[in-house]
Amino acid sequence: MLISFRYVKQVTETKKLDRNFNFVRSTNEKVDVALNRIKSNLQKELTVKSKKKNKKNAGEEQPVQEPEELQVSVRLLFNDGEITEKTFEELLPQFEENTDQFQMLILDDVFKLKFNNPWVNNVTLPNSILANFYVYPSKLQMDFADRHSSEFIWYKGKMPKSNKENEIEWQEIGRGYSMLVKNEDIGYKVKLEVTPRSFDQLKVGPKVEAIGSCEIQPGPGYCPYEMRHLYTTEKLNGNAIRVTSYNILADYYADTDDGRQKLFNYCAQYAIDIDYRKQLLIKEIIGYNSDILCMQEVDFKVFDLDLIPFLNEQNMNGVHDKKGTTPEGLSTFYRTDRFELIENYGMNIGDTVKTHPACQELFSKLQYNEQLVTRFTDLATTLQIVLLKLKEFPNKYIVVANTHLYFHPDADHIRLLQIGFNMILVEDYVKKFKEKYATEDISLLFCGDFNSVPECGIYKLMTEGHVPQDFIDWGSKPEEAVINVELNQPFKIKSACGTPKFTNYTVGFKECLDYIFYQTDKFSVTKVVEMPSEAELSLHNAIPSVVFPSDHIAIVAELEILP
């Protein structure tokens, strides 16, 4: 259990103690032991304060007078009677039912007890705050509190000539978990005040504030995705859904020596920073008003601290599956007012193919080449399968698959095997879902960064349903050549956005790698959001840039659910 309190005591005429104390104690511990620990710490702190004051008053040549040791008393009372020889565990029922009747006395100071009170453990603001973008806590940790019920108040203030934060005159500028910063706020410091509340809003915790380390900076100006947002201003309903797939560039790869000095050395260094890129990403993502949003290269910290809390405010929820031991992976989000999450699975393909019954026929055909099998099974490539139920059409289900295939240039054969096993697994899950929920009305969407251009076998398998044994991709690395293997998949599939010229645009590589594959007998495409022009992509050499947060471009399509 955690015992927390703030103690303020005037130690001398000009010196006082003002400190937060936190004690972590076992619930099996007797109250007396914990109170003695509190007493010891308080006594030590008060004595130290007294000594410091005496040394200052004594002067350099006068001997320092040791202060008399302060005698601190700490007692726990229930209905004015002192509690001793009991454990906290024994008191737990009384804590829960009669909290108001407990008091803790420190000397003559009376503390009322609050049990499992809403509490803010940590709130911090980002290191970059841009005008015309959203600001929200970069970290928020609360206990016994509901973020949706809690109160968030935003302030701005100019740093005075004294350069002392405690002299800033604060002016309220917004309320809510997030706030859209305005141009007139440029040059101001930002403060956030959080008052935590319980889920039932009956309990209110102490107010906590955080002041940003930076001033509000001008934004980068026009971002090309703003033009794309003109096509997605309205949320959809009925039998129309909007689907987005986006590799958002993991901070795990971008903010490294290799990322800054080699891969993205053309990008302004400040624009590689995740606190900068997140602001662009969040504004871009919410502007698409997606019903289903599949993302790749999502750092788990970005998922937990940014995407989940911010997109929850937009009535979206999501699941995340890490890619092997790396701190990034796949995320699939969905609108909670339109979809119900029924089941979700995340699986490492290299591990899954070794034991999954549906994969054994194909996996056995690879055993002739140990080097091929080792390379394939050692990869951390992940497949995410999410089953959603449409609330507007209770008998309709959508299986959303999401993946990010292996990237290496000599690995066309590896990627082709990965998609082959992916489709075997997807087919197997769809069959099981149909049996489990006694329905044939299950549709398939498969989104992701396939790291494969349209001329390769992946696109052929998905759109034509078959890749023969003699296809060129099988021999992309001679010592790992795949022989006597052909692939088939049973779904009628097309690419919703076709084959754009670019979905990835860096200095060293520019191609179409990302797709939204859909079942043509279950959906029809009604709109594809136009891609940025090459002039926009190359304005700052390539992407990411000060106006593009990733090296990939989001692909967005609107689909009609067929009867």
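Within region 356-395, can you find the residues that are modelled with pLDDT of 95 or more, charged (D, E, K, R) and in a loop (DSSP other than H, G, I, E, B)? Before you say what the answer is, go through the steps one by one.
Our first condition is that a residue be modelled with pLDDT of 95 or more; within region 356-395, this holds for 356-391.
Adding the requirement that they be charged (D, E, K, R) leaves 361, 365, 370, 375, 378, 389, 391.
Scanning region 356-395 gives 365, 391.
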Of the residues that sit in region 345-399 and are under 28 Å from the mean Cα position of the chain (by Cα) and of a type in the set (Gly, Ala, Ser), which one is nearest to residue 297 (Cα to Cα)? 380
Might you check whether a residue that is free of Cβ contacts under 8 Å to residues at least 60 places away in the same chain, out of contact with any helix residue (DSSP H, G or I) (no Cβ under 8 Å at 6 or more places or on another chain) and within 17 Å of residue 402 (Cα to Cα) occurs anywhere in region 356-377? no
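In the list 128, 198, 149, which residue meets the criterion of being hydroxyl-bearing (Ser, Thr, Tyr), crowded, with 19+ Cβ neighbours inside 10 Å and touching a Phe, Trp or Tyr at 6+ places or on another chain (Cβ under 9 Å)?
Numbers: 198 fails: crowded, with 19+ Cβ neighbours inside 10 Å; 149 fails: crowded, with 19+ Cβ neighbours inside 10 Å.
So the residue among 128, 198, 149 that is hydroxyl-bearing (Ser, Thr, Tyr), crowded, with 19+ Cβ neighbours inside 10 Å and touching a Phe, Trp or Tyr at 6+ places or on another chain (Cβ under 9 Å) is 128.
So if I check each of 156, 86, 139, which one is assigned by TED's automatic domain parsing to the domain that holds residue 9 and touching a helix residue (DSSP H, G or I) at 6+ places or on another chain (Cβ under 8 Å)? Reasoning before the result, please.
Values: 156 fails: assigned by TED's automatic domain parsing to the domain that holds residue 9; 139 fails: assigned by TED's automatic domain parsing to the domain that holds residue 9.
Only one candidate passes the filter, namely 86.
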Before we move on, is residue 207 surrounded by fewer than 16 Cβ atoms within 10 Å (Cβ to Cβ) and closer than 30 Å to residue 119 by Cβ? yes
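Quick check on residue 382: is it under 28 Å from residue 282 (Cβ atoms), surrounded by 14 or more Cβ atoms within 10 Å (Cβ to Cβ) and in contact with a strand residue (DSSP E or B) (Cβ under 8 Å, 6 or more places away or on another chain)? If you could, list the steps in order and put the result at the bottom.
Values: under 28 Å from residue 282 (Cβ atoms): yes; surrounded by 14 or more Cβ atoms within 10 Å (Cβ to Cβ): yes; in contact with a strand residue (DSSP E or B) (Cβ under 8 Å, 6 or more places away or on another chain): yes.
For residue 382, the condition - under 28 Å from residue 282 (Cβ atoms), surrounded by 14 or more Cβ atoms within 10 Å (Cβ to Cβ) and in contact with a strand residue (DSSP E or B) (Cβ under 8 Å, 6 or more places away or on another chain) - is met.
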Residues 211, 248, 241: which one is modelled with pLDDT of 95 or more and over 30 Å from residue 548 (Cβ atoms)? 211
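Evaluate the following for residue 527: is it surrounded by 14 or more Cβ atoms within 10 Å (Cβ to Cβ) and under 24 Å from residue 391 (Cβ atoms)? Spell out the reasoning first.
Values: surrounded by 14 or more Cβ atoms within 10 Å (Cβ to Cβ): yes; under 24 Å from residue 391 (Cβ atoms): yes.
Yes, satisfied.
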Does residue 209 meet the test of being farther than 28 Å from residue 554 by Cα and either in the same structural domain as residue 546 (by TED's automatic domain parsing) or acidic (Asp, Glu) (or both)? yes
Does residue 495 fit the bill of being touching a strand residue (DSSP E or B) at 6+ places or on another chain (Cβ under 6 Å), among the small types (Gly, Ala, Ser) and in contact (Cβ under 8 Å) with a residue 24 or more places away in the chain? yes
Against the definition (touching a strand residue (DSSP E or B) at 6+ places or on another chain (Cβ under 9 Å), among the charged types (D, E, K, R) and surrounded by 13 or more Cβ atoms within 10 Å (Cβ to Cβ)), how does residue 112 come out, yes or no? no
Determine which member of the set 179, 142, 159 is of a type in the set (A, V, I, L, M, F, W, C) and over 20 Å from the mean Cα position of the chain (by Cα). 159
Considering only residues that are assigned to a strand (DSSP E or B) and farther than 14 Å from residue 203 by Cα, which ones fall in region 113-135? 121, 122, 123, 124, 130, 134, 135
Of 343, 392, 440, which residue is under 19 Å from residue 489 (Cβ atoms) and either assigned by TED's automatic domain parsing to the domain that holds residue 289 or out of contact with any strand residue (DSSP E or B) (no Cβ under 6 Å at 6 or more places or on another chain) (or both)? 440
Considering region 466-487 alone, what residues qualify as being over 20 Å from residue 358 (Cα atoms), among the hydrophobic types (A, V, I, L, M, F, W, C) and buried (at least 16 other Cβ atoms within 10 Å of the Cβ)? 471, 474
Can you tell me which condition residue 27 does not meet? The list is (1) modelled with pLDDT under 90; (2) closer than 19 Å to residue 117 by Cβ, and all the others hold. (1)
From the option list 376, 363, 421, single residue qualifying as touching a Gly at 6+ places or on another chain (Cβ under 8 Å) and surrounded by 16 or more Cβ atoms within 10 Å (Cβ to Cβ) is 376
If you take the residues of region 400-410 that are out of contact with any helix residue (DSSP H, G or I) (no Cβ under 8 Å at 6 or more places or on another chain) and assigned to a loop (DSSP other than H, G, I, E, B), which of them is farthest from residue 298 (Cα to Cα)? 410
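Can you tell me which residues in region 278-293 are in a helix (DSSP H, G or I) and within 16 Å of residue 331 (Cβ to Cβ)?
278, 281, 282, 284, 285, 286
The values are calculated or read from the model by the stated rules, or taken from the named source; none is laboratory data. Predicted model only: the values in this text are computed from it and were never measured. Cβ coordinates were reconstructed from backbone atoms using ideal geometry, including for glycine residues, and neighbour counts include every protein chain displayed.
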